[in-house]
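First the structure, in the form of structure tokens, and then the observations on it.
What follows draws every value from the coordinates through simple rules; no lab data is involved. Just so you know, these numbers come straight off a predicted model, no measurement behind them. Neighbour counts run over all protein chains shown; Cβ positions are idealised from the backbone, glycine included.
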Amino acid sequence: MSLRSFAQLTVASLLTLAAPAQAAQETPAARMRSASQALIASVDAGRRAKLVPPFEGEARADWHYTPRSRPGLSFAELDKAQRDAVHRLLKAALSAIGHRKVLNIIELELVLREIETFGSLMRDPEKYFIVFFGSPDAKTPWGWRFEGHHLSLNFTLRGDNAVATTPSFFGANPAEVRKGPKQGLRVLAAEEDEARSLMNLLDAGQKRIAIVDGRTYGDILTTNKDRVSPLDNRGIEARAMNEQQKAQLRKLVETYADNFEPTLRSARLARAADGFDSIRFAWAGSAERGRQHYYRVQGPKFLIEYDASQNDGNHVHTVWRDYDGDFGRDLLREHYAAARASAHRH
């Protein structure tokens, strides 16, 4: 081998080795932008307007977790390569745990199709939609949402570092599959089990404070509101817990943050840690496994709700909301304030 050939091989090898390192250094926002641009480019011009509505407008905050019509394109309207591109985008935002939950929730549509009387008419794993609000851009704000029955994942981005990840909704029906090929599957098992572990650590006096109602409320209290405020100030505060109980409360919050890739996970946990001692844990309904139950974790900046009211407690809704951060409102406030300041400079 000539010296020149050896040098070319060495350079090529170094570039090959450097590529994964460079990719690893990309921020989640940059990875999402790249994946989004590739997906949009693969869609013909005739459908692109449907896939990419304007960033401004009411549609971006009009979210839901029931079967209904939605903006964007459904899996049924995408070919295999485009569906794969959707999953690459999801993987840029979610952890392996979170992406697996997405897949399992979609698979539950097939379970419901079998066990419900009219399941074949209502339940469809192809009725999950991807939509982009504004074109993915390195400077101007934009967003995207993946949504369908029991899923609503909303992201708002500004630049290469600012990412808002709420509202974030994961649901499961049935919460536990009790027959058929998927028997034993509990998609949101940790969300229930870690909360029960915390309840079991509380003493009798603490439980009297934590249990705020004997019955559940039929659903998460915030439902699909576009903006939420703190709920009533009931439940047991973290400051009233011992260290073991506080550690379990943190573990419960981490269960929800664990759905996201590491940087976004850390951002969520940082939001939860701010004012941790004033976080309140509240429970409603039965403490007996297999019965209707509800809980919430409410901090100064965020709210987690979990409800298992429907189907005698075998139907779960969970959500993470940020009082000021849903749909990137805090990011956008900073962006527009900076833009106004820049426009007035002379």
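Summary table below
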read-out	value
Interchain or long-range residues, amide H under 5 Å from ARG123's placed H	none
Between 0 and 90°, nearest 10: helix 96-115 axis offset from the chain longest Cα axis	60
Protection proxy ranking of 186-197, 297-308 - average other beta-carbon atoms within 10 Å, highest first	297-308, 186-197
Cα shape, region 12-166, gyration tensor, a/c 1.5 rule	prolate
By average C-beta atoms within 10 angstrom, highest first, the peptides 155-164, 47-56	155-164, 47-56
Relative contact order computed over the chain (Cα-Cα under 8 Å; 6+ residues apart), in percent	17
Estimated distance in nm for a label pair at ASP213 and GLU107, the labels positioned 7 Å out from Cα along Cα-to-Cβ	3.4
Part-to-part distance (alpha-carbon centres) for region 68-121 and region 279-293, which is given in Å	29
The chain: angle of helix 189-201 to the longest principal axis, Cα-based, in degrees nearest 10	40
Angle between the chain longest axis and helix 80-93 axis [Cα atoms, degrees, rounded to 10]	70
Distant-in-sequence amide H partners of SER168 (H built 1.01 Å from N, under 5 Å)	TRP320
Burial ranking of peptide ranges 59-68, 257-266, 169-178 (average Cβ count within 10 Å, highest at the top)	169-178, 257-266, 59-68
Computed FRET value (nearest 0.05) for LYS50 with ASP203, which takes r as the C-beta separation and R₀ as 56 Å	0.50
Helix-only mean residue ellipticity at 222 nm for the chain, each DSSP H run of n ≥ 4 adding -39500 (n - 2.57), per residue, nearest 500	-13000 deg cm²/dmol
Chain lengthening between ASP324 and THR140 when straightened (0.36 nm per residue, less Cα-Cα)	64.3 nm
Pairs of Lys in the chain closer than 26 Å at Cα, counting only those 8 or more apart or on different chains	29
Cα-based shape type of region 189-307, given that a ≥ b ≥ c are square roots of the gyration tensor eigenvalues and the cut on a/c is 1.5	rounded
Pairwise label distance in nanometres, ILE97 with PHE118, each label 7 Å out on the Cα-Cβ vector	3.8
Over 26 Å [Cα-Cα, region 83-200], rounded percent	30
Highest-fluctuation residue, ASN314, ASN200, ASN154 considered, GNM on the chain with Cα pairs under 10 Å	ASN200
Counting DSSP beta bridges with both ends in the chain, the antiparallel % (nearest 5)	95
For the chain: Kirkwood Rh in Å [reciprocal of mean 1/r, alpha carbons]	21.8
